[in-house]
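Below: the structure, in C-alpha cells.
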Amino acid sequence: GMFVTNITSRASTDAGPVMTVQGLVPGTTGTFHNLLATTALGTGTTSTSLTSVVHVAPWVSTATNQRVPFQLPKKFRVITTYASTEDITYSVGVDLNG
C-alpha cells in the first residue's frame, strides 16, 4: 500500500505529524502491531506545505521511516499523532495498489 500525507498548511518551523501504519494481529479482534512508523513529517524543511509518501509492500526495499517490505494485511489502520500546539491542516490517503 502507498500512504500519502498531504500537508497544506503549517507553521514553517513546525514538524508535521507522525504516521504509523499498523496491522491487525491474526486471530485477534483488536490487537495491532506496527508495520511502519515515520518520523515527524516535514522535519528539516521550512516549507509550509509538502507531500510525504511511504510504502508498505513486499516488493519495496527497506528505507528507514519510509518503506517496509511487508505484505499489508487485510485489516490495518493508520494513526497520525501531532505533538505541536501550532495549527496544521493535512490529510492522509491510501492507495492499496501502490
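The values are calculated or read from the model by the stated rules, or taken from the named source; none is laboratory data. This one's a predicted model, so the numbers in the text were calculated from it and none came from an experiment. Quick reminder, even Gly has a Cβ in these numbers, built from the backbone with ideal geometry, and neighbours come from all protein chains shown. Each accessible area value is taken on the protein alone, full model and side chains, heavy atoms only, with ligands, DNA and RNA left out. Shrake-Rupley method; radii C 1.70, N 1.55, O 1.52, S 1.80 Å.
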- Amide hydrogen neighbours beyond the local backbone of GLY16, cut-off 5 Å, H modeled: LEU41, GLY42, THR43
- Could you please state, rounded to a whole Å, how far the C-alpha centre of region 11-27 is from the C-alpha centre of region 68-94? 4 Å
- For region 48-59, Karplus couplings with θ = phi - 60° (6.51, -1.76, 1.60), whole Hz, Gly/Pro x: 7, 9, 6, 10, 10, 10, 10, 10, 10, 7, x, 9
- Hey, what did the chain get for relative contact order, percent, Cα under 8 Å, at least 6 apart? 43 percent
- Query: If exposed trypsin sites (Lys or Arg not before Pro) are those in a DSSP loop with at most 16 other Cβ within 10 Å, what is the longest stretch of the chain that has none?
  - Reply: 1-73
- Note on the structure: On the accessible surface of the chain, probed at 1.4 Å with all protein chains in place, carbon and sulfur together account for a percent value of 51 percent
- Label of the coordinate-derived value, log10 I(q)/I(0) by the Debye sum over Cα atoms at q = 0.10, 0.11, 0.22 Å⁻¹, listed as (1) -0.31, -0.38, -1.11; (2) -0.24, -0.29, -1.18; (3) -0.28, -0.33, -1.09: (3)
- Message: Assuming 0.36 nm per residue, please report the length gained on full extension of the stretch THR81 to VAL94 beyond their Cα-Cα distance.
- Response: 3.0 nm
- Note on the structure: For region 24-86, listing chymotrypsin sites (Phe, Trp or Tyr not before Pro) in a DSSP loop whose Cβ sees at most 13 other Cβ atoms within 10 Å gives TRP59
- Other-chain or far-sequence residues with amide H under 5 Å of LYS75's (modelled H): LEU24
- Item | Accessible solvent surface per residue of the chain, calculated while the other protein chains remain in place, 1.4 angstrom probe, Å² | 58 Å²
